[in-house]
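Here is the structure we will look at, set down as structure tokens.
The values are calculated or read from the model by the stated rules, or taken from the named source; none is laboratory data. Because the structure is predicted, anything quoted here is derived from the model rather than measured. Positions of Cβ are generated from backbone atoms using ideal geometry, with glycine treated the same way; all protein chains shown enter the neighbour counts. Ligands, DNA and RNA are stripped out before the accessible areas are found, and what is left, the full protein with its side chains, is counted by its heavy atoms. Shrake-Rupley method; radii C 1.70, N 1.55, O 1.52, S 1.80 Å.
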Amino acid sequence: MQAAIKLAYKGMKANAGGPFGAVIVCQGKIVGQGYNQVLKTNDPTKHAEMVAISDAAKNLGRFDMSDCEIYATGQPCPMCLAAIAWARIKTCYYGNDYNATSKIGFDDQPIMNLLQNKPSKIKVKLLHIDPEESKELYDEFVKKNDKTIY
């Protein structure tokens, strides 16, 4: 956790983003690390956990991190939690919880409400369109002999 905190300070002092850091650990060794870089990159997906997962994937040469753990300075937001799940990381240690994070201006509740179909101040229209081209794409994938499901 100390490494994640150190990264968070580094990013915060550089005004790269919020006070968030994360490290991925595999067999006792840090294999991925990151701090929030939303402001630095103007990319809303550059949360500390996302950066750390990308770094670990590059360093490990694989997407399956089921033998890894993540340490994050804040409880992962819904996007980061989904990425942690997609990476198959089974344990996440975090410092500050949603309540503490909300108190400093980073409130995930509207996004959680949106995901749960509850009233939310965030509005996103989800419109299902089903052109034949999309179906053909999936049909082609099903036929593919060398596919990898992740």
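Observations
- Per-atom-type breakdown for the chain gives carbon and sulfur 56% of the accessible area (1.4 Å probe, protein chains only).
- Residue-normalised accessible area of the chain, expressed per residue, 1.4 Å probe, Å²: 68
- With all protein chains modelled, accessible area of Glu140 [1.4 Å, Å²]: 110
- Gained length - Lys58 relative to Met112, 0.36 nm times residue gap less alpha-carbon distance: 16.5 nm
- Here the relative contact order of the range 10-141, from alpha carbon pairs under 8 Å that lie six or more residues apart, stands at 17 percent.
- Inter-part distance where the range 107-146 and the range 44-60 are each reduced to a Cα centre, Å: 23
- With a 1.4 Å probe rolled over the protein heavy atoms of all chains, the accessible area of Tyr93, Tyr98, Tyr138 falls in the order Tyr138, Tyr93, Tyr98, largest first.
- Reduced Cα scattering model of the range 100-150, Debye log10 I(q)/I(0), q = 0.25, 0.28, 0.32 Å⁻¹: -0.93, -1.03, -1.14
- Gained length - Leu81 relative to Ala100, 0.36 nm times residue gap less alpha-carbon distance: 5.1 nm
- Taking a point 7 Å from the Cα of Ile5 along the Cα-to-Cβ direction, the residues of the range 67-93 with backbone N closer than 13 Å to it are 72-74.
- Distance (nanometres) between label positions extended 7 Å along Cα→Cβ at Glu140 and Lys29: 4.0
- In the chain, one over the average inverse separation of all distinct C-alpha pairs is 17.0 Å, which is the Kirkwood hydrodynamic radius.
- With a threshold of 23 Å on the Cα-Cα distance, the over-threshold entries among Lys6/Lys29; Lys6/Lys103; Lys58/Lys135 are Lys58/Lys135.
- To the nearest ten degrees, helix 48-60 and the longest principal axis of the Cα atoms of the chain are 70 degrees apart.
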